[in-house]
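Visitor: Would you mind keeping the following structure in view while I ask a few things?
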Amino acid sequence: MRIKGLDFEGQRINFVQIGLGTNSTFIQNCAGADGEWDRGIDWLLDVTSERRPHAVKGVAVEPVAEHVEALREPVGWLPGVELVQAAVGERDTWGAEIRVFGPGARDALLQRVAPAKRESLERDLEYILNMSCVGATHPLLPQLCWNISEEYGLRVDVESRQADVWTWSSLSRSCHFRGCEVLLVDTEGYDAQILRSLIKHCRWDPESWPWLIQFETMGHCDKLEGQGTEWAIIGALEAEGYRLVNYSYHNTHLVLETALRSEPRLEAWVGSWKCRDCHRSWALPYISTGEGIYCKRCRCTSTWRYGGNDWDQRWQTSYRGYAGWRRWSDHHGGS
């Protein structure tokens, strides 16, 4: 369901964000909502060709009604931004099951604990508010619910609702846009499905590829679809002409090579990445850890130099697996 019913007349738009939850959004940044400005969103907006609130063009997508409703006022201040209540996936599905823990359920649980515990409980429940999943339970949800039960003696009940699922083609056709400058995906394990839907559409319409893609790589896709899913979608995007800029156990960034050669803002954004140790720029891909950003050359020394934390160990394992996958893919003619 589109809130405004905007028609972008086949233009490339500035920003598409899929998966809003209670997180920061480009809507709040552009609208100047009090207390809602986010540095990470602003950093992505540096790539876009338009920052003026009255002129920015974008689409924000979220399946949970309460999260959409919370953004109705700020999106009203942005005449060129569409808000869509739907999920995005590989197949169009009307009335798919979605597992939701909503703000109303959160507020009811907060009333059941002593005032001294409400602040900490609210922080714990905030994670669950952002764990809505289509057709499944979020892989981390059982453990979080158990923790809350042990700590507060409360049971967290997840509600079953229905939501429409649109492919990228349906989203693009409904809003009548043709690609975007920045795509931000944060959908608690469905990022890979969304990006596969994007790839399918853009192979048919090559002018629709986003210039910059940020998506979540915290292992949720691997838990839902199998180990290696997140690295596989990185490799699939590389095979379509993207370059891996940065990988982390939080977010990963890729840029379209053709846009990198033609768009000065994108080139400047990529050039702003620098290794913590050697200070080199353009030493792609970087790895972001809890300690900083490293190039490939320096990442091997970071375990020894900064105390051998878990981030570095996980990177070594993951990148070796990725390199092996790339060798297999190259040998077999791509993904």
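Visitor: Considering only residues that are touching a strand residue (DSSP E or B) at 6+ places or on another chain (Cβ under 7 Å) and either under 13 Å from Ile27 (Cβ atoms) or among the basic types (Lys, Arg) (or both), which ones fall in the stretch 92-119?
Guide: Residue satisfying the conditions is Arg99 alone.
Visitor: In the stretch 279-290, which residues are among the β-branched types (Val, Ile, Thr) and assigned to a loop (DSSP other than H, G, I, E, B)?
Guide: Passing the criteria: only Thr289.
Visitor: Scan (1) surrounded by 16 or more Cβ atoms within 10 Å (Cβ to Cβ); (2) touching an Asp or Glu at 6+ places or on another chain (Cβ under 8 Å); (3) modelled with pLDDT under 95 for the single condition Val64 breaks and write down its number.
Guide: All conditions are met except number (2).
Visitor: Only one of Glu257, Glu291 is over 30 Å from Gly135 (Cβ atoms) and touching a strand residue (DSSP E or B) at 6+ places or on another chain (Cβ under 6 Å); which?
Guide: Glu257
Visitor: Moving on to the next point. Taking helices (runs of 4 or more DSSP H) that fall entirely within the stretch 117-231, which contain at least 2 residues that are at pLDDT 90 or above and within 23 Å of Glu97 (Cα to Cα)?
Guide: So the answer is 168-175, 191-204, 220-225.
Visitor: Moving on. Looking only at the stretch 217-239, count every residue that is over 25 Å from Ser281 (Cβ atoms), touching a residue at least 12 places away in the same chain (Cβ under 8 Å) and not small (Gly, Ala, Ser) and tell me the total.
Guide: The number of residues fulfilling the criteria is 9.
Visitor: Any idea which residue in the stretch 250-291 is farthest from the chain's Cα centre (by Cα), counting only those that are of a type in the set (Val, Ile, Thr) and closer than 22 Å to Gly19 by Cα?
Guide: Restricting to residues being of a type in the set (Val, Ile, Thr) and closer than 22 Å to Gly19 by Cα, the top hit is Val255.
Visitor: Then there's this: Just checking, which of Leu71, Leu109, Leu121, Leu78 is among the hydrophobic types (A, V, I, L, M, F, W, C) and under 29 Å from Ala259 (Cα atoms)?
Guide: Selected residue: Leu78, the only one of Leu71, Leu109, Leu121, Leu78 that is among the hydrophobic types (A, V, I, L, M, F, W, C) and under 29 Å from Ala259 (Cα atoms).
Visitor: Run down Gly80, Gly76 and say which single residue is under 24 Å from the mean Cα position of the chain (by Cα), surrounded by fewer than 17 Cβ atoms within 10 Å (Cβ to Cβ), not aromatic (Phe, Trp, Tyr) and not assigned by TED's automatic domain parsing to the domain that holds Tyr152.
Guide: Gly76
Visitor: If we keep just the residues of the stretch 240-278 that are basic (Lys, Arg) and either in contact (Cβ under 8 Å) with a residue 40 or more places away in the chain or assigned to a helix (DSSP H, G or I) (or both), which is nearest to Arg196 (Cα to Cα)?
Guide: Arg243
Visitor: Kindly list, by first and then second residue, each pair from a residue in the stretch 279-294 that is over 21 Å from Trp231 (Cα atoms) to a residue that is of a type in the set (Ser, Thr, Tyr), limited to pairs with Cβ atoms under 6 Å and residues at least 6 apart or on different chains.
Guide: Glu291/Tyr306
Visitor: Test of understanding: among Tyr247, Tyr190, which residue is closer than 26 Å to Asp92 by Cβ and under 17 Å from the mean Cα position of the chain (by Cα)?
Guide: Just a single option satisfies the conditions, and that option is Tyr190.
Yes/no per residue for (1) in contact with a Gly (Cβ under 7 Å, 6 or more places away or on another chain); (2) buried (at least 18 other Cβ atoms within 10 Å of the Cβ); (3) hydrophobic (A, V, I, L, M, F, W, C):
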{"position": "Ile128", "(1), (2), (3)": "no, yes, yes"}
{"position": "Cys133", "(1), (2), (3)": "yes, yes, yes"}
{"position": "Trp146", "(1), (2), (3)": "no, no, yes"}
{"position": "Ala163", "(1), (2), (3)": "no, yes, yes"}
{"position": "Trp166", "(1), (2), (3)": "no, yes, yes"}
{"position": "Ser172", "(1), (2), (3)": "no, yes, no"}
{"position": "Cys175", "(1), (2), (3)": "no, yes, yes"}
{"position": "Val185", "(1), (2), (3)": "yes, yes, yes"}
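Visitor: Since Ile234 meets every condition but one in (1) assigned to a helix (DSSP H, G or I); (2) touching a Leu at 6+ places or on another chain (Cβ under 7 Å); (3) surrounded by fewer than 20 Cβ atoms within 10 Å (Cβ to Cβ), which condition does it not meet?
Guide: For Ile234, the exception is condition (3).
Visitor: Identify all residues within the stretch 236-257 that are in contact with a Lys or Arg (Cβ under 7 Å, 6 or more places away or on another chain) and under 17 Å from Thr187 (Cβ atoms); write none if there are none.
Guide: Tyr249, Leu254
Visitor: Next question. Pairs please, first residue from the stretch 134-154 and in the same structural domain as Ala108 (by TED's automatic domain parsing) and farther than 19 Å from Glu62 by Cβ, second anywhere and among the acidic types (Asp, Glu) and in a helix (DSSP H, G or I), Cβ atoms under 6 Å, 6+ apart in sequence or on different chains.
Guide: Ile148/Asp124
The values are calculated or read from the model by the stated rules, or taken from the named source; none is laboratory data. Computed from a prediction, not measured in an experiment: that's the story for all the values here. All Cβ positions, even for glycine, are placed from backbone atoms using ideal geometry, and neighbour counts span all protein chains on display.
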